[in-house]
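Chemist: For reference, the structure I am asking about is given below.
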Amino acid sequence: MKRRNKYFETLVLAGVVLLISIVSVFGVLEYWEWSEQQQQAVTMPPSLGPDNPPSPETFYPGRAVPEQPAITKFKIGSLEDVKGQIAEDELVIGVSVAGEARAYPINMMTGPQREVFNDTLGGRPIAATW
Amino acid sequence: MYDRRIKEKTLTFAVSGMLWEHSLVLIDNETESLWSQLLGEAMRGKLAGEQLTVIPSLITDWKSWRTQHPETTAMLISRTANAYRRQSIPSDEPLLIGLTIKGKSRAWFLKDLQAPVALNDQLADLPLLVVQDAQGTVAIYGRSLDEHVLKFQFQENKLTDLKTHSTWDPLTGKAISGSMKGRQLKLLPGILSFAHAWKTFHPQSEYWNR
């Protein structure tokens, strides 16, 4: 009789311990999730505006796409080279530096892979960006 | 269009993949600082607070550009779009041309400009000319030339200064006839921008005619 009681007691004890463990873990997870939400609510940045002008202190960027490799080499043609390849009415960004002129067709500059080009013009290193 | 030099360094820029209020954030390879493309200013990293020098540029159609600059070269890579043409810039919201001088900003909505038009305006004590030619190309020039502060008007479809009645090419800022022939107005770094983006990043900006 005594041995069976002891076995039974151990079983009940184990069951209670298990129950407490499960409830505790559950409780901790719940708290963790709630705490994260509180954190996010607190760190939501205020929008830029007259009372909140853009500056390093108000800089809150968000990721949209992976970082793109820098473009340092791309084809540049003379007027002869590009004959017929750029339509007359296509918009370009035109720059003239120290007498050297270059056109960057906007239709070649859209999208995250293309929005900045590292170039040199008239001896100056320039970033052509759209 | 920016000069890539800061202090003694020449930087190499890439698209960081991040946006700040829908606006492009660049990263430089040399220091991995993050830059606002619209402001040309580093916002985070070793170079935070540094400002790139803007190089004035013009958005115009290829025919106009190559006619005025027959020696020009052109970038020639595959297209990612086809819609950017003289007749229209794809846009859901209003476009403007904006300028910042000595921390003061001013902008001109494109739809307020009736091509061809010459506006004699000023910003931070700098007299400037906002001109739109018949094709719709907009440019901002300084109106001061040596001791003169010129005033401009379109007369018989030609950009003319009222002092000497010389005519000027809106695309190059160069006088093409009259006593001023050969003289050159300075092109200022006007930025073509969506109205919302300009307002977000230049919250104190003035607006012409508004």
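The values are calculated or read from the model by the stated rules, or taken from the named source; none is laboratory data. This is a predicted model, so every value here is computed, not measured. Note that each Cβ is placed from the backbone with ideal geometry, even for glycine, and that neighbours are counted across all protein chains shown.
Chemist: Could you grab the pairs with beta carbons closer than 7 Å, sequence gap of 6+ or different chains, first residue in region A:42-64 and farther than 23 Å from B:Val15 by Cβ, second one assigned to a loop (DSSP other than H, G, I, E, B) and at pLDDT below 90?
Modeler: Filtered contacts from region A:42-64: A:Asn52/A:Pro46.
Chemist: Having 1 or more residues that are of a type in the set (Gly, Ala, Ser) and closer than 24 Å to B:Gly98 by Cβ is the bar; report the strands (runs of 3 or more DSSP E) wholly within region B:132-176 that clear it.
Modeler: Details: elements: B:138-142, B:152-155, B:158-161, B:167-169.
In region B:132-176, the matching strands (runs of 3 or more DSSP E) lie at B:138-142.
Listed here are the residues, each with its yes/no results for (1) at pLDDT below 95; (2) within 13 Å of A:Asn118 (Cβ to Cβ); (3) within 9 Å of chain A (Cβ to nearest Cβ).
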position: B:Ile6; (1), (2), (3): no, no, no
position: B:Asp28; (1), (2), (3): no, yes, yes
position: B:Ser36; (1), (2), (3): no, no, yes
position: B:Met43; (1), (2), (3): no, no, yes
position: B:Glu50; (1), (2), (3): no, no, no
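Chemist: Then there's this: Taking region A:88-114 only, how many residues are more than 19 Å from B:Leu188 (Cα to Cα), more than 7 Å from chain B (Cβ to nearest Cβ) and surrounded by fewer than 23 Cβ atoms within 10 Å (Cβ to Cβ)? Walk me through how you get there before you give the answer.
Modeler: To start, the set of residues in region A:88-114 that are more than 19 Å from B:Leu188 (Cα to Cα) comprises A:88-91, A:105-114.
Going one step further and asking which of them are more than 7 Å from chain B (Cβ to nearest Cβ), we end up with A:109, A:113.
Pick out the ones that are also surrounded by fewer than 23 Cβ atoms within 10 Å (Cβ to Cβ) and you get A:113.
Qualifying residue count for the region: 1.
Chemist: Where the second residue is of a type outside the set (Val, Ile, Thr) and loosely packed, with under 13 Cβ neighbours inside 10 Å and the first is within 7 Å of chain B (Cβ to nearest Cβ) and outside any loop (DSSP other than H, G, I, E, B) and lies in region A:65-78, which pairs have Cβ atoms under 8 Å and are six or more apart or on separate chains?
Modeler: A:Gly77/A:Gln85
Chemist: Okay, next question. Hey, among the residues in region A:45-59 that are more than 7 Å from chain B (Cβ to nearest Cβ) and surrounded by fewer than 16 Cβ atoms within 10 Å (Cβ to Cβ), which one's nearest to B:Pro70 (Cα to Cα)?
Modeler: Residues of region A:45-59 that are more than 7 Å from chain B (Cβ to nearest Cβ), as a first pass: A:45-47, A:51-52, A:55, A:57-58.
Next, only the ones that are surrounded by fewer than 16 Cβ atoms within 10 Å (Cβ to Cβ) stay: A:45-47, A:51-52, A:55, A:57.
Values: A:Pro45: 49, A:Pro46: 49, A:Ser47: 46, A:Asp51: 48, A:Asn52: 46, A:Ser55: 41, A:Glu57: 46 Å.
Out of the qualifying residues, it is A:Ser55.
Chemist: From the residues in region A:115-130 that are surrounded by fewer than 19 Cβ atoms within 10 Å (Cβ to Cβ) and within 7 Å of chain B (Cβ to nearest Cβ), which one is farthest from B:Ser16 (Cα to Cα)? Spell out how you get there, then give the answer.
Modeler: Pass one, region A:115-130, residues surrounded by fewer than 19 Cβ atoms within 10 Å (Cβ to Cβ): A:120, A:122-125.
Within this subset, residues satisfying the condition of being within 7 Å of chain B (Cβ to nearest Cβ) are A:124-125.
Numbers: A:Arg124: 23, A:Pro125: 20 Å.
Per the stated criteria, the residue is A:Arg124.
Chemist: Taking region B:127-155 only, how many residues are in contact with a strand residue (DSSP E or B) (Cβ under 9 Å, 6 or more places away or on another chain), farther than 13 Å from B:Leu113 by Cα and of a type outside the set (A, V, I, L, M, F, W, C)?
Modeler: Count: 9.
Chemist: Same structure, new question: Hey, can you tell me all the residues within region B:177-210 that are out of contact with any strand residue (DSSP E or B) (no Cβ under 6 Å at 6 or more places or on another chain), over 22 Å from B:Asp133 (Cβ atoms) and assigned to a loop (DSSP other than H, G, I, E, B)?
Modeler: B:Ser179, B:Gln204, B:Arg210
Chemist: If B:Ile55 passes every condition in (1) in contact with a Leu (Cβ under 8 Å, 6 or more places away or on another chain); (2) surrounded by 19 or more Cβ atoms within 10 Å (Cβ to Cβ) but one, which one does it miss?
Modeler: (1)
Chemist: Let me ask another. Starting from residues that are of a type in the set (Gly, Ala, Ser) and under 15 Å from B:Lys63 (Cα atoms), keep the ones in region A:81-130 and report whichever is farthest from the chain's Cα centre (by Cα). Full working, then the answer.
Modeler: Step one: list which residues in region A:81-130 are of a type in the set (Gly, Ala, Ser), which gives A:84, A:87, A:94, A:96, A:98-99, A:101, A:103, A:111, A:122-123, A:127-128.
So of that shortlist, the ones also under 15 Å from B:Lys63 (Cα atoms) come out as A:84, A:87, A:94, A:101, A:103.
Details: A:Gly84: 38, A:Ala87: 35, A:Gly94: 30, A:Ala101: 35, A:Ala103: 30 Å.
The selected residue is A:Gly84.
Chemist: Just the residues that are more than 7 Å from chain A (Cβ to nearest Cβ), in contact (Cβ under 8 Å) with a residue 60 or more places away in the chain and in contact with a Phe, Trp or Tyr (Cβ under 9 Å, 6 or more places away or on another chain), please, taken from region B:58-100.
Modeler: Residues satisfying the conditions are B:Ser91, B:Glu93, B:Pro94, B:Leu95, B:Leu96, B:Ile97, B:Gly98, B:Leu99.
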